[in-house]
Amino acid sequence: MRVWLIKRLGGVARSVAAVRVVFLSAGLFLLAGCGEVWNNPYPPQDSGRGIFYTSFDTRPKHLDPVQSYSENEASFLFQIYEPPLQYHYLKRPYTLIPAAAQALPKVRFVDVAGRDLAEDAPADKVAFSVYELRIKPDILYQPHPAFAKDAAGRSLYLDRPIAERREITKLADFQHTGTRELTAADYVYQIKRLAHPRLHSPILELMSDYIVGLKELSQSLRQADSDKSAWIDLDRYALPGVEIIDRYTYRIRIKGKYPQFSQWLAMTFFVPVPVEADRFYAQAGMAEKNLTLDWYPVGTGPYMLTENDPNARMVLERNPNFRGEPYPCEGEPEDAGAGLLADCGKTMPFIDKIVFVREREAIPYWNKFLQGYYDASGVASDNFDQAVQIGSQADVSVSEEMKARGIQLLTSVAPTNRYTGFNMLDPVVGGSSEKNRKLRQAISIAVDEEEYISIFLNGRGVPAHGPIPPGLFGYKEGRAGINPYVYDWAGNEARRKPVAYARQLLAEAGYPDGRDARTGQPLVINLDTAAAGIGDKSQIDWLNKQLAKIDVQLVVRATDYNRFQDKMRLGTAQLFFWGWNADYPDPENFLFLFQSQQAKAKTMGENAANYQNPQYDALYDKVKAMPDGPARQAVIDSMVEILRHDSPWIFGYFDKEYALFHGWVKNEKPGKIIRGRFKYLAIDAAAREARRRAWNRPVLWPLAAMVLLLALFVAPAASLYRRRERARGTD
Amino acid sequence: MLAYLIRRLAYAIPILIGVNLLTFALFFVVNTPDDMARMQLGIKRVTPEAIAHWKAERGYDKPLFWNAAAEGGKRLSETIFFAKSVRMFVFDFGRAEDGRDIAEEIKSRMGPSLAIAAPVFLLELAVTISFALLLVLFRATRLDFWGVVLCVALMSISGMFYIIGGQFLISKIWRLVPISGYQEGVDALRFLVLPVFIGVIAGIGTNTRWYRTIFIEEGGRDYVRTARAKGLSEAAVLFVHVLRNAMIPILTGVVVVIPMLFMGSLLTESFFGIPGLGSYTIEAISAQDFSVVRVMVFIGSLLYIAGLMLTDISYVLVDPRIRLD
C-alpha cells in the first residue's frame, strides 16, 4: 500500500511539475504577447495605426439601406453608401450639399397639364415636382465578388451555385473581387427596391404618396412574389416616376410640392445599390450562410465593411476605390479658431480603419476610454461628476482629471424632443374645450421640467417651449421664443409661472384645490407607461410630486411594452411619455407630429397625442411646401402659438449631448444629423500610442503579493500537517 | 444500460414537446404576432399594411393552435404552433426574425461561451474540492475556522460585485489584463484570464462549503476509521478514499451542468464583451424574436436532459454497486 501511495504521490508530483511548466509557458506567452502594456485589448500589430476605436451596444438589425432606419445602423451605413446629397459638415443650420451628385438637384414644378411653373408657384397649383440629379462620373464601387469577372469578361460568381460549397462561409472566402463604375441606374434600382415585398421598407407608405407609380409597383411586385425564394428582377418592372436620362443622370417625379424630398435624398433610402449585388446574394446557399445584402453592404463610400460580427466587432476599412473628397474650407465663424479648418482641401478620409467593438456595459466602456482604448465617449450619469464640472455661471467644462488627460468636451443640442403627452381623445384631459385646455396648461406649469433636467439629467437638456429644437429653422431663442402659457419673461430669462397661477387655472377648469367642483371627487390623472422598473420609480415619484403641487393625484398604470403600445394605438392612454428623433433637419419633421392625418388612434401615425385642429392642419399644409424665409417663419410662429395655447403636450426638453474626445482626435464637430462623419475625422496615432503606454504600465507588485499570501496560507498548513503526522507516528 | 438509455431518450420526447408547448403559450400570452411585427419593423412609420404583410410572409397570420377554418388534419397543421415546431424537432432551426441563420449563430457563439465556462468549471471544481478537503484535513483548527469564515464571506458577495471589483482592481488599477473584449484563437487567452479568475473566485464560497459538508459526513464512516487504523496518512485517507466515496453527491451536482456550459453566462459575457450565447436568449426576448426563443429553450431542455442522463451514467462509472436497468 505504502509503495502504491509513494508511486501515486510521485505521479502527482510529476503532474504538478507538468502543470507548472504549462502555467509558466502560458504566462511567458501572455507576457510576450503583451509588450509594454498588458491590458491592450487590440492586436499588437494595430498599435500606431490610424484606426478609430468606438463601440456599439445594440447589434444592428438591418444593414440593407432600404430597410435600415435607426441611429446605430446609420453609423455603419453612412460610411459605406453615398446618397446623392449630404449635409455640410461644419455649417449650421444644416445645409445640403452634393455627395455623389454633381450639384444639388434641379427641381422643376409642373401643373396638371404638364406646363412648367415658377419656383415660387403656390403648392395647390403644383401637380408634380421633378427632381433631376446628375451624379459624378468615375465613382467606383468597393471591391466585391459580385463584380468579379474572368479574362473574357464573364462574371465569376453570378448565376453559379458557388455558395453551396462547404469552404465558402464568409464573403472573404471568395477569392476574386472586382468593381464597376457607379451609374444613375443604381440609384433608380434602389428606389424600386423601396417597393420590394420582402424588404419591408419603413418609408414605402410615405413615399408611395409622393413618388409617381411607387404604389402601383409595390402592388405588382406583391402579385409577382408567389415563389418566396426566387429573385425578383426589378429591372423588368416599370416605375414611371423614376427615369434614367443618361448614364449619370436620373429624374424623380413626385406628386405635388414637397421640398423636404431633398432631405430624404440625403438618407440611405436613396443610396445606390448595384443589381449585381442583389443577384449575387440571391443565389442558392448564400442566405443560409448569412451572406445577404442586409449583412454585407456594397457601396461607393469612403469605407467598406470588412468584418461583420455583430456580437463582437464590426470593422470598416478604407475603400481602396474611393475617389477621395476634399475636406471643407468653410464653416461657422468659430470653426477656424477651433482648428476645424486646418485640413481645408485635404483629401478625405484621413482614418484607415474604424473598429466598432460591442460593449454592452457602460463601466468597461468608460474605463477603456480612460485608458485610451476608445477615442470617444458619451457621458453617462454614473461618471458625470468624474468627467464634467459645472462652474458658478452654469458653464460646463471637463473636470481637472479629464483635462490632465487632454480630453475635450463637446456639447450639442440634438434634434430630438422628449415630452409628456396628453391623449386628446381622453374626456378628462383631451378635447378642445376651454375647461380641459386650462387643465392641461395648469399641469404643464406644475411639471417643472427644469427641475427634471437638473435632477435626472445632470443638466443635459434644454427646456422646450415648443416642438422645434434649437438649430432648426423656426426655432426662436430668448423672449420671442418662450411659451407664454407656461413661462414669464423675467430678469432676462424665462421663468416658469408660479404654482398659484396653475392652481387658479385648475380652478377655472373646474377643479378648485384639485377636486371636481361638481362632484367633490379628487382629480386623478393616469400615467400610462411601460417604464415600471426600479430605475423608473424615482422619476414617477418625481412626477407624482409635481402634480401634488396643484393637488392633483397621479395614478401610474404600468404595463409591459406591448400593452402600452396597444393603449397608444387604441387611444386609451391618458398621460404618457414620448419622444421624437428627427429624420431630417426641417421644422416640418416636428410639426407633422400634430397633424390630424397622423393621429395614432386613427391612422397609426406619429401624432401620439391624437391632436386634431383644422386650423393647424391648414397651416401645416402651407408650411410644408414653403421655402425657409420670413413668410415660412410667420406661419411656423402661428402654428407654435396654436400648440402652446392648446397644450397637447407638456413640452419637455431637447437632449443636450455631451461627448468626450481624446486630444489625439481631430476635426470633431458635434452634429447628430451628420451621420457620415468618420471621413472628416483624423487621428494622431503616435500621440495616442505614447499616451496609452504612459497610462497603462502594469503594476506588478500585486502578483508578488498574491504569491506571498498563498505561501502564508500554505506554509503554516504544511507545518501543522507535518506536526500532526509526526504526532500520529509517535502514537 | 442501453435499454435504460433508450427508455430515457423516449421519455425525453414528450418532455420536449411539453416544454415547447409551454414556451409557445407563455410567449404568445405576452406577445401577439402584431407586437412581433411592430418590433421587427421598427417604431417609426409602421403601417397596418406592413404589419399584415410581415405576418403573412412569416406564417404568423395563422391561428395559434387550432385552425377552425381548415379541413381535417390541417386544423392542426395549419397553425403557428405546428409550423414553427415541427422543423425544430429535426434540428432545422430556421432563421431569426432579423434574417440570420440561427444554427450558424449558435455555432459561432458557442465557442466563446465554452472558452469561459469550461475552464471556470474545471478550475472551480479542482480548487473547491481541494480547498474543502484541506479544511476537512485541518478540521477544528483555526485554519478550518477562518477557512469557513472566508467561504461565508465569499458566498455573501454578489456576482456582480466580483465582476466590477475584479475589473476595477485587476484591469483598471493594476492594468494587468484587458478590461473586456475578445479575439479568436490563442489571443483569446489574454481576455479569458480575468473572467475565468473571477468566475472561479465567485464560486469558491458556496461550493467549498457544500463539498466540506459532504467530506465531513463521509469522513465519519467505518472504512475511513479502518484506513486510519491501517496507518495511512490523513492526506491519503482524504484525497484517495474519502474523495472517491464522496463522488456520488458531487457528481449529482456537477455532471448535470456539463452540457449546459455551452449556453454561457449572461452577466460575465455582458461585462467582459465575450460574444457568447449567454445573452442570445435575453436579446431574443427583448426583440420579441420567437424563432430564437423557442430554439434556445428547446436546446436548453435538450442539454438538461442530456446532463441528467450523463449523471446517471457517471454513477455507474464511479460506484460499482449501481446498475442502470
May I ask you to list the residues in the range A:513-523 that are part of a helix (DSSP H, G or I) and surrounded by 15 or more Cβ atoms within 10 Å (Cβ to Cβ)?
-> A:514
Considering residues of the range B:33-45 that are part of a loop (DSSP other than H, G, I, E, B) and at the interface with another protein chain (Cβ under 7 Å from one of its Cβ atoms) only, the residue surrounded by the fewest Cβ atoms within 10 Å (Cβ to Cβ) = B:44
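One line per residue, one yes/no per condition, for (1) in contact with a helix residue (DSSP H, G or I) (Cβ under 7 Å, 6 or more places away or on another chain); (2) away from chain B (no Cβ under 14 Å):
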position: A:199; (1), (2): yes, no
position: A:204; (1), (2): yes, no
position: A:207; (1), (2): yes, no
position: A:274; (1), (2): yes, yes
position: A:277; (1), (2): yes, yes
position: A:288; (1), (2): no, no
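For (1) within 9 Å of chain A (Cβ to nearest Cβ); (2) surrounded by 20 or more Cβ atoms within 10 Å (Cβ to Cβ); (3) closer than 30 Å to residue B:108 by Cα, each residue gets a yes or a no:
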site	(1), (2), (3)
B:157	no, no, no
B:174	yes, no, no
B:183	yes, no, yes
B:199	no, yes, yes
B:238	no, yes, no
B:247	no, no, no
Residue set A:668, A:725; condition modelled with pLDDT of 95 or more and either surrounded by 13 or more Cβ atoms within 10 Å (Cβ to Cβ) or more than 30 Å from residue A:92 (Cβ to Cβ) (or both); output residue A:668
Taking into account only those residues within the range B:242-270 that are touching a residue at least 24 places away in the same chain (Cβ under 8 Å) and either in contact with a Lys or Arg (Cβ under 8 Å, 6 or more places away or on another chain) or outside the structural domain of residue B:124 (by TED's automatic domain parsing) (or both), which is farthest from residue B:181 (Cα to Cα)?
-> B:245
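Can you tell me which residue among A:321, A:311 is over 21 Å from residue A:375 (Cα atoms) and in contact with a strand residue (DSSP E or B) (Cβ under 8 Å, 6 or more places away or on another chain)? Reasoning before the result, please.
On the way: A:311 fails: over 21 Å from residue A:375 (Cα atoms).
The match here is A:321.
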Just checking, how many residues over the range B:273-282 are hydrophobic (A, V, I, L, M, F, W, C), touching a Leu at 6+ places or on another chain (Cβ under 7 Å) and in contact (Cβ under 8 Å) with a residue 24 or more places away in the chain?
-> 0
Just a yes or no: is a residue in the range A:631-651 within 14 Å of chain B (Cβ to nearest Cβ) and buried (at least 18 other Cβ atoms within 10 Å of the Cβ)?
-> no
Would you check if there is a residue in the range A:317-338 being among the hydroxyl-bearing types (Ser, Thr, Tyr) and crowded, with 22+ Cβ neighbours inside 10 Å?
-> no
Under the condition of being without any contact (Cβ under 8 Å) to a residue 12 or more places away in the chain and facing chain A (nearest Cβ under 10 Å), which residue from the range B:91-100 is nearest to the chain's Cα centre (by Cα)?
-> B:100
Please state which of the following conditions residue B:220 fails to meet, knowing it meets all the rest: (1) in contact (Cβ under 8 Å) with a residue 40 or more places away in the chain; (2) more than 10 Å from every other protein chain (Cβ to nearest Cβ).
-> (1)
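Here is a list: A:104, A:96. Which entry is crowded, with 17+ Cβ neighbours inside 10 Å, modelled with pLDDT of 95 or more and under 30 Å from residue A:619 (Cβ atoms)? Spell out how you get there, then give the answer.
Values: A:104 fails: crowded, with 17+ Cβ neighbours inside 10 Å.
Checking each option against the conditions leaves just A:96.
A quick yes/no check of all residues on (1) acidic (Asp, Glu); (2) assigned by TED's automatic domain parsing to the domain that holds residue B:217; (3) within 30 Å of residue A:602 (Cβ to Cβ):
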| position | (1), (2), (3) |
| --- | --- |
| B:51 | no, no, yes |
| B:65 | no, no, no |
| B:115 | no, yes, no |
| B:119 | no, yes, no |
| B:128 | no, yes, no |
| B:141 | no, yes, no |
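Can you go through B:52, B:103, B:69 and tell me which one is surrounded by fewer than 16 Cβ atoms within 10 Å (Cβ to Cβ) and away from chain A (no Cβ under 14 Å)?
Numbers: B:52 fails: away from chain A (no Cβ under 14 Å); B:103 fails: away from chain A (no Cβ under 14 Å).
Sole residue among the options that is surrounded by fewer than 16 Cβ atoms within 10 Å (Cβ to Cβ) and away from chain A (no Cβ under 14 Å): B:69.
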Residue that is part of a loop (DSSP other than H, G, I, E, B) and either without any contact (Cβ under 8 Å) to a residue 40 or more places away in the chain or of a type in the set (Asp, Glu) (or both), where the choices are A:278, A:294 = A:294
Kindly provide the set of residues from the range B:117-173 that are under 20 Å from residue A:714 (Cβ atoms) and part of a loop (DSSP other than H, G, I, E, B), ordered by number.
-> B:138, B:139, B:140, B:141
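Give me the residue from the range A:143-160 that is in contact with a helix residue (DSSP H, G or I) (Cβ under 8 Å, 6 or more places away or on another chain) and not in a helix (DSSP H, G or I) and, out of that set, nearest to residue A:261 (Cα to Cα). If you could, list the steps in order and put the result at the bottom.
Initially, the range A:143-160 is screened for residues in contact with a helix residue (DSSP H, G or I) (Cβ under 8 Å, 6 or more places away or on another chain), giving A:144-147, A:155-159.
Okay, now just the ones that are also not in a helix (DSSP H, G or I), so A:144, A:155-159.
Values: A:144: 31, A:155: 37, A:156: 39, A:157: 37, A:158: 35, A:159: 37 Å.
The qualifying residue nearest to residue A:261 (Cα to Cα) is A:144.
Here's the yes/no breakdown for (1) within 14 Å of another protein chain (Cβ to nearest Cβ); (2) at positive phi; (3) surrounded by fewer than 21 Cβ atoms within 10 Å (Cβ to Cβ):
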| site | (1), (2), (3) |
| --- | --- |
| A:548 | no, no, yes |
| A:553 | no, no, yes |
| A:571 | no, yes, yes |
| A:586 | no, no, no |
| A:594 | no, no, no |
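How many residues does the range A:605-617 contain that are in a helix (DSSP H, G or I) and under 30 Å from residue A:95 (Cα atoms)? Outline the logic, then answer.
Taking the range A:605-617 as the starting set, the residues that turn out to be in a helix (DSSP H, G or I) are A:614-617.
Of the ones still in play, those that are also under 30 Å from residue A:95 (Cα atoms) are A:616-617.
Here the count works out to 2.
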Matching residues in the range A:70-86 (in contact with a Leu (Cβ under 6 Å, 6 or more places away or on another chain) and assigned to a strand (DSSP E or B)) number 1
Identify, by number, the condition in (1) touching a residue at least 60 places away in the same chain (Cβ under 8 Å); (2) within 23 Å of the chain's Cα centre (by Cα); (3) more than 30 Å from residue A:293 (Cα to Cα) that residue B:166 doesn't meet.
-> (1)
Considering only residues that are more than 20 Å from the chain's Cα centre (by Cα) and within 9 Å of chain A (Cβ to nearest Cβ), look in the range B:106-141 and name the one that is surrounded by the fewest Cβ atoms within 10 Å (Cβ to Cβ).
-> B:141
Do we find a residue being within 24 Å of residue A:599 (Cβ to Cβ), among the small types (Gly, Ala, Ser), without any contact (Cβ under 8 Å) to a residue 60 or more places away in the chain and surrounded by fewer than 18 Cβ atoms within 10 Å (Cβ to Cβ) anywhere in the range B:76-84?
-> no
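Hey, among the residues in the range B:212-252 that are of a type in the set (Gly, Ala, Ser) and under 36 Å from the mean Cα position of the chain (by Cα), which one's nearest to residue B:121 (Cα to Cα)? Full working, then the answer.
To start, the set of residues in the range B:212-252 that are of a type in the set (Gly, Ala, Ser) comprises B:219-220, B:227, B:229, B:231, B:233, B:235-236, B:246.
So of that shortlist, the ones also under 36 Å from the mean Cα position of the chain (by Cα) come out as B:219-220, B:235-236, B:246.
Working: B:219: 25, B:220: 29, B:235: 24, B:236: 25, B:246: 19 Å.
Applying the filter and picking the extreme gives B:246.
The values are calculated or read from the model by the stated rules, or taken from the named source; none is laboratory data. Keep in mind it's a predicted model, so treat the numbers as computed, not measured. All Cβ positions, glycine included, derive from the backbone under ideal geometry; neighbour counts span all protein chains shown.
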